[in-house]
Every structure is written in structure tokens, then in C-alpha cells.
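Okay, structure first, notes after.
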Amino acid sequence: MHRWAGSARVADAPVTVVGRDALLCAPALAAAARPEWFAPDFWQTRGAVGALETSGRGSVWIVSHGGDRWVLRHYHRGGFVSRFVFDRYLWTGLERTRAFREWRLLRRLSDAGLAVPNPVAARVRRAGPVYRADILTVYIPDTRKLSAFIAERRVPEDCWRRVGRLVRAVHDQGVDHPDLTAHNLLVDTRGDVFLVDFDNARMRAPGAWQMRGVERLERSLRKVALETATEFDERAWAELVAAYGGARR
């Protein structure tokens, strides 16, 4: 068994050690958190799995806990390396693990009132020089990807300005989202916009990366328009950029 030295608190939240697992969660859940929460079988045997959804790097489970619904995601590698190392990452310290880093970022943004998934808990299981990880976040109901609305030519009114303001707010918090695309922006039935999938996001000082993020989003929107045989909306993009430039902390 590995000792988790120096890990008493991370991101102002307690770390609970159970066997080989290090769990990070909101203080209110610290006493109740269990490694079993991160196993789909645990929820299936209780009839608490609401849905299974596929993503770019595997599947996510929608599970029920009391009156809440959570999203359970296991960290998988992407790209060519995933053919050889599916879900293991090099150990460089507990605070540098993907799950703990993402949990901390989401906690920071949620506390600032931004429209991102609220983090519930994260688990890291170390095995020698590598580790595996999982994260639980609060489920955001009644949402679909912005790309789906574009494909249907039904983007809600004021959506583009809301996207611009949200992206700017995330950047103002110093968070560089590495996959800022139309697939990671969710829109609910009221037209509210949420940004998801902060795996690999990181804190950075203000710089050129902010505009590169906006440019990345533009490329994604143009690609979606091409793939769905819709026209890239130049006026909508101008609204988004204006809202991004006009937003303030």
C-alpha cells in the first residue's frame, strides 16, 4: 500500500484515504465518500444508473444518489497512445493527477459562479509508477451540445453572446480549456450555456493562449458547419467575439 504523504488537504477540501484509494470531495461528503462510488457496478446493482453516454474517450455514467444525479467518468487516454496505455498515467504526485487537477479547477469556477459542472468527488488509485483515476460531477439536466443546435439550425436567441461571456469569464479566472469546441458547450431548454470537459485544463497567467482559445472555438464552429451542411454564421460569430471582448470579471 502506498502512503499519501503531504495530502491532508487539497484545494481547501479534505482528502480521504481508503486502502489504495485517495478520495477528494466537498467537505459535506467527506465522511460518506466511498471508493465504490467510482465503480459502475455499484450503481447498477442498486438500479441507480439512469443512462450511459459515450464521449470521445469512452463512456460516462449518469447515476442517482438520493435526490441527486451525478456524472461518473473514468479517465481514458486518447489518440494513438490509447492503443497501448488505455487508462494509466505516470505518477508524479497526488496533486498533479488528472482527477485532482480537474476537481480543483471545477471547484474554483463553481465557487466563482460560472456555468460549469459542480464537482462532487474524485478518486486516484496508485499502482507503483502509474495511477488510474475517476471523477464525479453534478449532472446538468435538459442540455444538449451546441453542435446539435447548429445542425438543426435552432440555436437559441442570445446564445452566442452567452457563449462569449462564459468563455471570457473562464479565461478571466486564468483557466485555459484545451478543448474549447462546440461539442463541449452545452445549452439547456432555457438557452443557458455551460462549458464542460475540463480534463487537461490548467491555470495560466494572462497571455496569448486566451485568444488562441477563441480561435480554437471558431475553427470548431466552422468545422461543425461544414460537417452538418449548414452555413457558418458570421453575424453570430461577431456577437460572440463582441461579448467576449466586453465581459469583465
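Electrostatic bookkeeping for Asp142 treats Lys and Arg as +1 and Asp and Glu as -1; over the other residues with beta carbon under 14 Å from its beta carbon, the sum is +2. If you bin all the Cα-Cα distances of the range 106-221 at 5 Å, starting from zero, the percentages per bin are 2, 11, 20, 23, 19, 13, 8, 3, 1, 1, 0.
Of the listed residues Leu166, Leu29, Leu226, the order by accessible area with a 1.4 Å probe, largest first, is Leu226, Leu29, Leu166.
Tally up the carbon and sulfur contribution to the accessible surface of the chain as a whole percent, 1.4 Å probe, everything protein left in place.
50 percent
The gain in end-to-end length when the Arg154 to Asp41 segment is fully stretched comes to 36.9 nm, 0.36 nm per residue minus the alpha carbon separation.
Figure the gain on full extension for Phe86 and Val138 (residue separation times 0.36 nm, minus the Cα-Cα span) and round it to one decimal in nm.
Contour length minus the Cα-Cα distance gives 16.2 nm.
Suppose R0 equals 45 Å; then what is the FRET efficiency for Ala112 and Ala229 from their Cβ-Cβ distance, rounded to the nearest 0.05? Efficiency, from the Cβ-Cβ distance: 0.70. Taking the Cβ-Cβ separation of Ser59 and Asn200 as r and a Förster radius of 22 Å, what is the calculated FRET efficiency to the nearest 0.05? It comes out at approximately 0.75.
Stretching Glu95 away from Ala127 to a fully extended chain increases their span by 9.9 nm, per 0.36 nm per residue minus the current alpha-carbon distance.
Counting only heavy atoms of the protein chains and using a 1.4 Å probe, Arg20 has close to 120 Å² of accessible surface. In this rough spin-label picture, where each label sits 7 Å from Cα along the Cβ direction, the Trp209-Arg190 distance is 3.2 nm. Quick check: the distance between the Cα centres of the range 88-152 and the range 176-249, to the nearest angstrom? Rounded to whole Å, the Cα centres lie 19 Å apart.
Between helix 98-111 and the chain, what is the angle of the helix's C-alpha long axis to the longest principal axis, kept within 0 to 90° and rounded to the nearest 10? On a 0 to 90 degree scale, this one is about 60. Relative to the longest principal axis of the C-alpha atoms of the chain, give the angle of the C-alpha long axis of helix 159-172, reported between 0 and 90° and rounded to the nearest 10°. So the inclination is approximately 50 degrees. In this calculation the C-beta distance from Val17 to His183 is compared with R0 = 35 Å, giving a FRET efficiency of 0.45. With all protein chains kept in place, the per residue accessible area of the range 172-249 amounts to 54 square angstrom at a probe of 1.4 angstrom. Accessible surface for Tyr244 stands near 20 Å², nearest 10, in the context of the full protein assembly shown (1.4 Å probe). Computed over protein heavy atoms with a 1.4 Å probe, the accessible surface of the range 74-162 works out to 50 Å² per residue.
The values are calculated or read from the model by the stated rules, or taken from the named source; none is laboratory data. Since this is a predicted model, take the numbers as computed values, not measurements. FYI the Cβ positions are ideal-geometry reconstructions off the backbone, even for glycines, and counts take in every protein chain you see. Please note that ligands, DNA and RNA were not included when accessible areas were found on the heavy atoms of the full protein model with its side chains. Shrake-Rupley method; radii C 1.70, N 1.55, O 1.52, S 1.80 Å.
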